[in-house]
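What follows is a short report on a single structure.
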Amino acid sequence: MFGRSKDGSTGGTTQAPLTEETPGTAEAPGGKGRPTPKRKVAEAANRRPLVPTDRKAASKEARAAQRAERDRQYAAMQTGDERYLPAKDKGPVRRYIRDYVDARWSLGELFLPVAIVMLLANMLLTTWNPNIAFLGLVALYLFIIAMVVDVAIMWRRLRKRLVAKFGPDTIQRGMMMYSVTRVFQIRRARLPKPQVKHGEYPH
């Protein structure tokens, strides 16, 4: 009679126990699991070199990005687009300063043309009539003094407006120089370009 063996097998034969393989690992002589080739392939595919293999192409892309950034900044200088203005021109306070300076008639914006005309006239008059040439030089110095006084008055009024609109902590180092430098520039040469006409003061 065929009997049931102690290990539960029938027919006197024994079955080998089933083993579960851990996915992603393979048996090694030492008993340690190692990454399967599939995992190695995936990891190798995810690795990217720190240094680009094609340096010429990378350099070309960097130059193109810099050129695009310059083009955006130049367009912003013409239109006053805050998104692409240089850091020194960004912000509502800087815009207010520019609008106030551009709206005001200032002696400073006449400095360069007046100085050039006066100096040329002085050179011509020196050989013809030194006394008149001297008077022209005195007139130029008087104009410079009047211009400095005008700039001082402009900054005093602008400072009061900034404090009233943005608060006392608004006045920071460099703002006075920012406004004064713009005053001494010819209106057409100012950057960013003026966005207001003379007399259109910001509120």
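What is the calculated FRET efficiency for I171 to Q66, with r their C-beta to C-beta distance and R₀ = 45 Å, to the nearest 0.05?
Details: r = 35 Å, r/R0 = 0.77.
About 0.85, to the nearest 0.05.
Stick to Cα atoms and the Kirkwood definition of Rh, then tell me Rg/Rh for the range 91-203.
Computed over Cα atoms, the ratio is 1.10.
Exceeding 22 Å between C-alpha atoms, which entries from my cross-link table qualify? They are K60/K90; K90/K193; K90/K197; K90/K165.
K60/K90
Take peptides 89-98, 62-71 and line them up by average Cβ neighbours within 10 Å, highest first, as a rough protection proxy.
Listed from highest to lowest mean packing, they are 89-98, 62-71.
Taken together, the values in this text are just the output of simple stated rules run on the coordinates, not laboratory data. A quick note: this is a predicted structure, and the numbers were derived from the prediction, not measured. Note: ideal-geometry Cβ built from the backbone for every residue, glycine included; neighbour counts use all protein chains shown.
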